[in-house]
Amino acid sequence: MTFEHEGLAGLRVLVTGGSRGLGEATARRFAAAGAIVVTASRTPPPQDLPATFIPADLRSEAGVAELGRRVLDSVGGIDVLVDNAGAATGPTPTLERSDASWLADLEMNLLSAVRLDRALVPGMVERGSGVVVHVSSIASHLPQPAEASYAAAKAALNAYSRELATAVGKHGVRVVCVLPGFIVTEGAIDHLQQLADSRGVGIDDVEQQIVDHLKVPMGHPGQPEDVAEMIAFLASGRAKWLTGAQFRVDGGIIPAV
């Protein structure tokens, strides 16, 4: 099956956090399948990205509401919503993390999706079809040291996704969660380089140390395109009976049967 025959052609797709990394790869994947792609982020995407870009800051209720209005004005509604935008406030010992840090991680990793869904999913319900993909993280099942607020926010996103799927399923709208593992995005590469510089080793050495620490069965990290492929599948008609579920793209890191 070629991209053009996946049933994604002509669908209106919004990808938040679409300027780089997983978001950019996802936007390119949908565009390759013939979808009408809109991306939203604080920074512009590469100029060759075949998508309409809407500047947006999803860290506040007002920013999300403005994005929702601009999307509706631009394309009239969304058939596939990929809530990918997310960020962490940085590692802090759990009992030393401030309320402000907890709230910032909840705003960005949970409430940004809740608010955008609230703005755009009613249109899906009214039309009787649509797909919402929440990009969570394996951190929601495997929290890393000093990153409790990020992991907790993603775990809350998983729970919210499950209930939303129940609420809108009878209206033909599906809701799923994708949980990436160790993926080599631009942001990850920047972080790896910082670690390498601080340890006086090469970036490949740090990458392997993380792979070993996480006990990745595949023996190497994933690529953004690996996650984008899963998202495209879940948004397609091939996944028409999949909803309320979590799909790990982690190379086997989570030790679950």
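The values are calculated or read from the model by the stated rules, or taken from the named source; none is laboratory data. Quantities reported herein were computed from a predicted structural model and do not represent experimental measurements. With ideal geometry, Cβ positions are generated from the backbone for all residues, glycine too; neighbour counts draw on all protein chains shown.
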Only one of Ala167, Ala85 is at pLDDT 95 or above and within 18 Å of the chain's Cα centre (by Cα). Can you tell me which?
Ala85
Boolean, Val131 is surrounded by 22 or more Cβ atoms within 10 Å (Cβ to Cβ) and of a type in the set (Val, Ile, Thr):
yes
Given the conditions (1) more than 16 Å from the chain's Cα centre (by Cα); (2) buried (at least 24 other Cβ atoms within 10 Å of the Cβ), every one holds for Asp73 apart from (2)
Pro44 fails exactly one of (1) within 18 Å of the chain's Cα centre (by Cα); (2) farther than 24 Å from Thr185 by Cβ; (3) surrounded by fewer than 19 Cβ atoms within 10 Å (Cβ to Cβ), namely (2)
Hits in segment 181-217 (condition: small (Gly, Ala, Ser) and closer than 16 Å to Leu142 by Cβ)
Gly181
Taking the stated definitions as given, is Asp204 at pLDDT below 95, over 18 Å from the mean Cα position of the chain (by Cα) and charged (D, E, K, R)?
yes
Is segment 146-165 home to any residue that is assigned to a strand (DSSP E or B) and over 19 Å from Arg59 (Cα atoms)?
no
Gln223 passes all but one of the listed conditions (1) closer than 26 Å to Ala27 by Cβ; (2) in contact with a strand residue (DSSP E or B) (Cβ under 8 Å, 6 or more places away or on another chain); (3) crowded, with 18+ Cβ neighbours inside 10 Å; the exception is number (3)
Which residues, counting only those in segment 215-248, are closer than 17 Å to Pro180 by Cα, touching a residue at least 60 places away in the same chain (Cβ under 8 Å) and not in a loop (DSSP other than H, G, I, E, B)?
Pro224, Glu225, Val227, Ala228, Glu229, Ile231, Ala232, Leu234, Ala235, Gln246, Phe247, Arg248
Determine which single condition Ala232 fails, assuming it passes every other condition in (1) assigned by TED's automatic domain parsing to the domain that holds Val131; (2) among the small types (Gly, Ala, Ser); (3) within 30 Å of Leu95 (Cα to Cα).
(3)
Return the pairs, sorted by first residue and then second, in which the second residue is part of a helix (DSSP H, G or I) and acidic (Asp, Glu), the first residue lies in segment 167-192 and is more than 30 Å from Gly237 (Cβ to Cβ), the beta carbons are less than 8 Å apart, and the residues are 6+ apart or on different chains.
Val184/Glu207; Leu192/Glu207
